[in-house]
Amino acid sequence: MNALKPSIAQAEIERLAAFLHDAETGIREVEKITDELPALTHDDAYAIQNAILERKLKAGARLAGRKMGLTSPAKMKQMGVEDPIHGFLTADGCVADGAVVQMAGLIHPKVEAEIAFTTTRELAGPDCSAATAMAAIGHVSAAIEVIDSRYRNFRFDLVSVIADNTSAARYVIGADAVRPDGLDLRTLGVVLEKNGDVLATGAGAAVLGHPAASLAALVNMLAAQGKTLPSGTLVMTGGVTEAFAVQPGDSVRVTVQGVGSAAMRFA
Ligand code: OOG
Ligand code: MG
């Protein structure tokens with residue numbers, strides 16, 4: 001079975017996980033971890049991310065799904081990072097469709113327009129294809145991800161952002177969930193609105209050519225950790241357009257053609 005091979009000791013992994021977890025719970029920006037430790041590896045970063053998940057589970061959180069990040073050209077360009085990454089979603093980050101999120105609980109949130117799936121069978125890598133992933137999609141929903149990097153000015157490199165659970169903070173899954181049959185996920189139009197103004201538009205193909213390719217990439221990256229993706233997993237496939245900062249009072253809506261919409265407000 002594959003597993004991560006960190007270059008640093010478990011105590012160091014735990015120290016960095018505590019540093020980032022404390023920044024999140026304390027709603028504080030911190031310096032990116034590679035400033036102190038430039039030699040950290042990808043495996044170190046995912047080990048730190050996993051240690052943050054363990055901390056949250058111990059504190060009573062529940063794993064609610066997985067997310068992909070940096071899967072579209074717009075996101076890669078905006079963040080200056082070119083490889084897809086993945087993180088975890090916890091149940092306490094879920095915001096009901098149409099509900100209000102308190103800005104006071106976040107550092108410098110941005111919103112992203114995403115396409116979310118729930119799966120109906122277990123998926124295993126390392127050779128999961130987009131077609132296999134597609135066949136495992138039970139439902140498709142419009143989604144909003146609220147990302148909130150724990151790093152100063154939202155500036156990071158790949159290793160730092162992986163360790164920081166890919167900036168995950170909150171998410172809204174649209175109340176309308178539709179079966180994928182008859183949908184061409186590549187050509188689905190996606191519209192991101194703030195206060196009724198269209199901020200950005202895109203299509204499913206922006207996400208690694210096809211949103212199911214993002215699901216497959218997640219499965220294949222999890223295989224590198226010796227993990228499979230269980231049936232019934234919620235997966236956010238990554239921002240279709242660039243992310244946008246929000247202010248108290250802002251209303252945000254993401255509409256996915258033929259699927260539905262997801263909405264939220266900031267107070
Ligand atoms: C990293 C997370 C990116 C996405 O959908 O691309 C992400 C970041 O940009 O802070 O969630
Ligand atoms: Mg995202």
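The values are calculated or read from the model by the stated rules, or taken from the named source; none is laboratory data. Just so it is clear, the model here is predicted, and its values are computed rather than measured. Glycine also receives a Cβ, built like all others from the backbone with ideal geometry; neighbour counts cover every protein chain displayed. Quick note on the areas: whole protein, heavy atoms, side chains included, nothing else; ligands and nucleic acids left out. Shrake-Rupley method; radii C 1.70, N 1.55, O 1.52, S 1.80 Å.
Structural remarks
- Cβ charges +1 (Lys, Arg) and -1 (Asp, Glu), total dipole of segment 113-267, debye: 220 debye
- When you count the other C-beta atoms within 10 angstrom of each residue and take the mean per peptide, 194-205, 113-124 line up highest first as 113-124, 194-205.
- Å² of accessible area per residue within the chain, as computed with a 1.4 Å probe and no ligands counted: 40 Å²
- Sorting 210-221, 168-179 by average packing, meaning the other beta carbons within 10 Å per residue, from highest down gives 210-221, 168-179.
- Amide H contacts of G174: A142, A143, I144, each under 5 Å away and 5 or more positions distant or on a separate chain (H built 1.01 Å from N in the peptide plane; Pro and chain starts excluded).
- For segment 224-246 and segment 1-52, distance of Cα centres in Å: 20 Å
- Orientation-averaged projected area, Cα convex hull of segment 1-138 (nm²): 10.6 nm²
- Above 21 Å, the calculated P(r) of segment 196-267 contains 41 percent of its Cα-Cα pairs.
- Measuring nothing but alpha carbons in the chain and taking Rh as the Kirkwood radius, the Rg to Rh ratio lands at 0.94.
- The antiparallel fraction among DSSP beta bridges confined to segment 80-190 stands at about 90%.
- For K58 and R28, the difference between the fully extended length at 0.36 nm per residue and the C-alpha to C-alpha distance is 8.6 nm.
- The apolar share of the surface of segment 122-267, taken as the fraction of accessible area on carbon and sulfur atoms (1.4 Å probe, ligands and nucleic acids excluded), comes to 50 percent.
- Computed over every Cα-Cα pair of segment 99-211 and binned at 5 Å starting from 0, the pair-distance distribution P(r) comes out as 2, 10, 16, 19, 20, 18, 10, 5, 1 percent.
- Relative contact order [Cα under 8 Å, 6+ residues apart], the chain, whole percent: 28 percent
- Every Cα-Cα pair in segment 43-110 was counted, and those over 18 Å apart are 56% of them.
- Of the beta bridges in the chain, as assigned by DSSP with both residues counted there, near 85 percent are antiparallel.
- Surface share of carbon and sulfur [accessible, 1.4 angstrom probe, percent] for segment 1-103: 54 percent
- Surface accessible to a 1.4 Å probe, M79 within the full protein complex, Å²: 30 Å²
- Derived from the Cα gyration tensor, the three semi-axes of the equivalent ellipsoid of segment 91-138 are 32, 13, 10 Å, largest first.
- Charge dipole (Cα centre; +1 on Lys/Arg Cβ, -1 on Asp/Glu Cβ; no other charges) of the chain amounts to roughly 340 debye.
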